[in-house]
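Okay, structure first, notes after.
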Amino acid sequence: MLQRIDLRGGLGNVRALLPRAGVDVTTALSTVEPLVADVRERGATAVLDAAERFDGVRPERLRVPTEVIASAEATMDPAVRAALTESIARARIGHAAQLPTEQVTTVVPGGVVRQRWIPVRRVGLYVPGGLALYPSSVVMNVVPAQVAGVEAIAITSPPQRSNAGWPDPNVLAACALLGVDEVYAAGGAQGIALLALGALDVDGGVIEPVDVITGPGNVYVTAAKRLLRGTVAIDSEAGPTEIAVVADDSADAEHVAADLVSQAEHDPLAASVLITDSPALADAVDAALPARVDATKHSERVRTALSGRQSGTVLVASIDDAITVADAYAAEHLEIQTRDAGAVAARICNAGAIFVGAFSPVSLGDYCAGSNHVLPTSGTARYSAGLSTATFLRPVQVIDYTRAALDEVRPHVLALAQAEDLPAHGEAVSARFPEGGAR
């Protein structure tokens, strides 16, 4: 089921040899551009037309009534309520630890630079609702924004035919548990355009544009985020989910197989990659997969993902090579199932999130670890990070110098202004010392 890539003879140009999903955001732009232009021109009507076309249902308006949100919370499964409540509590603890502290640095006597962290005012959070429904993504998007101190939060999620054109009831219930009541029935590229551009709802309600958009989605959501970057800030261009497992012969093949299947059920394009120095483990995982795939609910989706070119087993000569391969792959989710897993994990540089040992599966991080599950994909963990409180904060430096402190550095400013042929820069300093002359 999993293709096998043998790198025991040498790693070579390892990044070019690794399995990867073939998702072309550039091609999707040609579909998304007219949708975004239509939302820019016709506002809510364009979004509702797109919902009817793509989701098979037309909500009566975009904003979900507060009574619909309240009803979703009142009728939710008690077990789901308890799970979401626990997820929220753990996420608040984990994200509160990310808050940066303001620093005041005295550069010289009388010369102070203060580092402030200011939350953006308004954010738009996208919650997918296609092949799967994600109340957990409400938690992962909303909690860091609230911890960061964001004033206004708007959520969009695709309308569901099974819920009278409103988003999934569990998604709405999660919004209620988090105290978010500005929710819109809008999915796909049109949902992203609505958040970025704003509109008047069909009942006259104002949908104000946001400053930052976060949240995962399909290739069309990603294309819309790329197109509208600059109008708003975005968290990342998320691709299909992916898991990589670094394992040696101490790993339990059934655990590894279960974890590979767990991510494959997200999407036929999901990537599941095993990196191991043990051919025996690779064989055992191959042997364990068919029964697990046949037994799971979304078996066809899982089988397609595992047999696709984006998934596979990579055989390496050593755990050192496995670490090199893992860093080259830069997985969204990276599990370490080896002897001394903590030490191996400490050597990893590139991953969205790292799960250490046999009892830290990715699905724990998806729901209740206290971490965030909105993470960089497609190798972008080499230079980007997952969603965090910092996503919603802007660092601002506040410079406060006395007259004496400015006078002390005045000759250096004048020298640099002259060197760069920007005399007015120097004159702006000299004007504060009309007596002129040397210090």
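The values are calculated or read from the model by the stated rules, or taken from the named source; none is laboratory data. Only a predicted model underlies this, so the values are computations on that prediction, with no experimental measurement involved. Positions of Cβ are backbone-derived with ideal geometry, glycine not excepted, and every protein chain shown enters the neighbour counts.
Scanning the range 5-23 for residues that are more than 19 Å from Leu274 (Cβ to Cβ) and in contact with a helix residue (DSSP H, G or I) (Cβ under 7 Å, 6 or more places away or on another chain) yields one hit, Val23.
Checking each residue in the range 7-16 for being loosely packed, with under 13 Cβ neighbours inside 10 Å and either in contact (Cβ under 8 Å) with a residue 24 or more places away in the chain or at negative phi (or both) picks out Gly9, Asn13, Ala16.
The condition of being surrounded by fewer than 14 Cβ atoms within 10 Å (Cβ to Cβ) and among the basic types (Lys, Arg) holds for Arg53. Taking the stated definitions as given, is Leu315 of a type outside the set (Val, Ile, Thr) and touching a Leu at 6+ places or on another chain (Cβ under 7 Å)? Here the answer is yes, as Leu315 does meet what is asked. Determine whether Ala345 is more than 21 Å from the chain's Cα centre (by Cα), buried (at least 20 other Cβ atoms within 10 Å of the Cβ), small (Gly, Ala, Ser) and in the same structural domain as Ala247 (by TED's automatic domain parsing). Against the criterion (more than 21 Å from the chain's Cα centre (by Cα), buried (at least 20 other Cβ atoms within 10 Å of the Cβ), small (Gly, Ala, Ser) and in the same structural domain as Ala247 (by TED's automatic domain parsing)), Ala345 qualifies.
Note on the range 385-439: residues that are under 26 Å from Met140 (Cβ atoms), part of a loop (DSSP other than H, G, I, E, B) and out of contact with any helix residue (DSSP H, G or I) (no Cβ under 8 Å at 6 or more places or on another chain) amount to 2.
Only a single item in (1) part of a loop (DSSP other than H, G, I, E, B); (2) over 17 Å from the mean Cα position of the chain (by Cα) is not met by Ser262, and it is number (1). The residues of the range 371-384 that are surrounded by fewer than 17 Cβ atoms within 10 Å (Cβ to Cβ) and either part of a loop (DSSP other than H, G, I, E, B) or in the same structural domain as Pro135 (by TED's automatic domain parsing) (or both), listed by number, are Tyr383, Ser384. Residues being at pLDDT 95 or above, touching a strand residue (DSSP E or B) at 6+ places or on another chain (Cβ under 7 Å) and over 26 Å from His298 (Cα atoms) are entirely absent from the range 89-98. Within the range 5-24, restricting attention to residues that are charged (D, E, K, R) and not in a loop (DSSP other than H, G, I, E, B), the residue that is farthest from Asp286 (Cα to Cα) is Arg15.
Checking each residue in the range 314-370 for being part of a strand (DSSP E or B) and hydrophobic (A, V, I, L, M, F, W, C) picks out Val314, Leu315, Leu334, Ile336, Ala353, Ile354, Phe355, Val356. Among the residues of the range 294-308, those that are part of a helix (DSSP H, G or I) and out of contact with any strand residue (DSSP E or B) (no Cβ under 8 Å at 6 or more places or on another chain) comprise Asp294, Ala295, Ser299, Glu300, Arg301, Val302, Arg303, Thr304, Ser307. For the range 167-179, the criterion of a residue being of a type in the set (A, V, I, L, M), touching a Ser or Thr at 6+ places or on another chain (Cβ under 7 Å) and surrounded by fewer than 23 Cβ atoms within 10 Å (Cβ to Cβ) is satisfied by at least one position. Name every residue in the range 266-284 that is modelled with pLDDT of 95 or more and within 18 Å of Asp366 (Cβ to Cβ), in order of residue number. Answer for the range 266-284, where residues must be modelled with pLDDT of 95 or more and within 18 Å of Asp366 (Cβ to Cβ): Ala271, Ser272, Val273.
The set of residues in the range 361-383 being out of contact with any Pro (no Cβ under 9 Å at 6 or more places or on another chain) and among the charged types (D, E, K, R) consists of Asp366 alone. The sole residue among Gln98, Gln160 that is in contact (Cβ under 8 Å) with a residue 60 or more places away in the chain and within 21 Å of Arg394 (Cα to Cα) is Gln98.
Within the range 341-376, the residues that satisfy the criterion of being closer than 20 Å to Leu125 by Cα, touching a Leu at 6+ places or on another chain (Cβ under 8 Å) and hydrophobic (A, V, I, L, M, F, W, C) are Val374, Leu375. All of Leu289, Leu274, Leu200 fail the test of being touching a Gly at 6+ places or on another chain (Cβ under 8 Å) and under 30 Å from Ala341 (Cα atoms), apart from Leu274. For the range 227-259, the set of residues classified as in a helix (DSSP H, G or I) and touching a Lys or Arg at 6+ places or on another chain (Cβ under 9 Å) consists of Glu254, Ala257, Ala258, listed by residue number.
Return yes when Ala405 is of a type in the set (Gly, Ala, Ser), under 22 Å from Pro109 (Cβ atoms) and surrounded by 12 or more Cβ atoms within 10 Å (Cβ to Cβ) and no when it is not. Yes; evaluated as a whole, the condition is true for this residue. Within the range 25-73, the set of residues being under 13 Å from Gln160 (Cα atoms), basic (Lys, Arg) and in a helix (DSSP H, G or I) comprises just one member, Arg53. When the range 180-201 is limited to residues that are hydrophobic (A, V, I, L, M, F, W, C) and surrounded by fewer than 22 Cβ atoms within 10 Å (Cβ to Cβ), the one that is modelled with the lowest pLDDT turns out to be Leu200.
Among residues belonging to the range 385-402 that are among the aliphatic types (A, V, I, L, M) and surrounded by fewer than 15 Cβ atoms within 10 Å (Cβ to Cβ), point out the one that is farthest from Glu332 (Cα to Cα). The residue in question is Ile399.
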